[in-house]
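In what follows, a structure is listed as C-alpha cells, so that the remarks can point back to it.
Read-outs: derived from the displayed coordinates by stated rules, not from any lab. Since the model is a prediction, treat every value here as computed from it, not as a measurement. When we count neighbours, we look across all protein chains shown, and the Cβ atoms used for this are built from the backbone with ideal geometry, even at glycine.
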Amino acid sequence: MAQNDVRYYLNGLRIEFMNKHMRAVATDGHRLALGEIEIISSEGIQEGMGVIVPRKGILELERLITDEEREIRIAFGANHLKIDLGELVITSKLVEGRFPDYQSVIPKEGQHRLVIERERLKLALSRAAILVNEKVRGVRLCFESEGLRVIGHNTEQEEAEDLVEVSYSGESFEVGFNVSYLLDVMNAMEDQEIQLLINDPNSSCLIDSVKNINYRYVIMPMRL
C-alpha cells in the first residue's frame, strides 16, 4: 500500500469477491501484491463486488489477527466495513475512488521463465544491497544459461556480484529492479521454489510460487 499518496485510492487495500474467493490487492504504483483465500460462506455479496479499506485499518487488523486459523466475519455497509473477530469487532470507513485496473499489469504469460530457490535469491540480494546506491537502490538481474547473476554497485565504483543456480533456458538479458522491493517479496513468501516471469527488460516482472499461485507479486523495472 502507498503512504500519503495524492492518489488517495492507493493508500488502502482493495478487497473483492469472485468465484467463492476473497482477493486482496495493494499497490503503490511501483509494485503490486495480490493474495486470494477461499470463502467459507457468503450472503448478499455480489460477484465482483469490491471495496478499498484504508491503510490504517488494515495495519490494525494485521496486528490483531495472530491466529491464522481463526474464523472471521466480514460485513459491508455503504461506507463502512465491519470485521468480527469474535471477542472484538472492528469498524472502518471505506476509501472512495476507483482502484486502478491492476489486472492489466500482471503478466499473463512470461516470455522468460526462471525457477529459483527463494532463500538463495534472498541471500544474493542481501549481499548486493550492501553496496547499492542508497538513493536509487538499484540492482541488476542478469538472466543467463549459467544462472541468475545479481549485481549491485555504487558511485564509489564498488561492486558486488553473485551467480545463483537456477532453472532457465532462455536467451540472456538483464533488467534493473529496486533491491528493497525484491527483498520485501522474498520476506513475504514462504515457499522455497519460486518463479520469475518477465517478457523483456522494460516490462513488469511477476514473482510467485511454483506450487501456489494464490499469492502473486509484480514489480516494475527501473533504468540503471
Loop-resident GluC sites (Glu not before Pro) in segment 1-98 with no more than 14 other Cβ atoms inside 10 Å, DSSP not H/G/I/E/B, are Glu43, Glu47, Glu68, Glu69, Glu71, Glu87, Glu96
Given unit charges at Cβ for Lys, Arg (+) and Asp, Glu (-), the dipole magnitude of segment 105-172 about its Cα centre in debye, nearest 20, is 360 debye
Using alpha carbon positions and the Kirkwood radius, the Rg to Rh ratio of segment 115-224 is 0.93
Candidate cut points under trypsin sites (Lys or Arg not before Pro) in segment 97-163, DSSP loop plus at most 16 other Cβ atoms within 10 Å of their own Cβ, are Arg98, Lys108, Lys135
Hits in segment 28-51: amide N under 17 Å from the 7 Å Cα→Cβ extension of Arg73, namely 39-45
Quarter of the surface of the C-alpha convex hull for segment 8-105, i.e. direction-averaged projected area in nm², equals 6.5 nm²
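Report, in listed order, any pair from Lys93/Lys211; Lys93/Lys135; Lys93/Lys122; Lys20/Lys122; Lys20/Lys93 with a Cα-Cα distance greater than 27 Å. Display every interim value, and only then the final one.
Working: Lys93/Lys211 36 Å; Lys93/Lys135 35 Å; Lys93/Lys122 37 Å; Lys20/Lys122 34 Å; Lys20/Lys93 24 Å.
Where the Cα-Cα span goes over 27 Å, the pairs concerned are Lys93/Lys211; Lys93/Lys135; Lys93/Lys122; Lys20/Lys122.
What value, in deg cm²/dmol to 500, does the helix sum -39500 (n - 2.57) over DSSP H runs of n ≥ 4 give at 222 nm once divided by the residues of the chain?
Values: 3 runs with 32 residues, N = 224.
Only helices count here, giving -4500 deg cm²/dmol.
Can you pull out the GluC sites (Glu not before Pro) in segment 148-224 whose DSSP state is coil and whose Cβ has at most 11 other Cβ atoms within 10 Å? Please report the intermediate quantities before stating the final value.
Numbers: sites: Glu156, Glu158, Glu159, Glu161, Glu165, Glu171, Glu174, Glu190, Glu193; in loops: Glu156, Glu158, Glu165, Glu171, Glu190.
In loop regions of segment 148-224 (DSSP not H, G, I, E or B), the sparsely surrounded GluC sites (Glu not before Pro) are Glu156, Glu158, Glu165, Glu171, Glu190.
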Simple SL model, points at 7 angstrom along Cα→Cβ for Met49 and Arg223; separation in nm is 4.6 nm
Listed residues Leu85, Leu163, Leu34; largest mean-square fluctuation, Gaussian network over the chain with Cα springs below 10 Å, found at Leu85
Checked against the structure, the computed volume of the Cα convex hull per residue in Å³ among (i) 161; (ii) 177; (iii) 138 is the one labelled (iii)
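R0 = 35 Å: FRET efficiency of Asn133 with Val210, Cβ-based, nearest 0.05? Each step should come with its number before you reach the end.
On the way: r = 32 Å, r/R0 = 0.92.
The pair Asn133/Val210 has a calculated efficiency of 0.60.
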Among segment 29-54, those whose backbone N falls under 18 Å of a label point 7 Å along Cα→Cβ from Tyr102 are 29-39, 47-54
Simple SL model, points at 7 angstrom along Cα→Cβ for Ser167 and Lys20; separation in nm is 3.0 nm
Here the alpha-carbon Rg of segment 1-63 over 2.2 N^0.38 Å rounds to 1.17
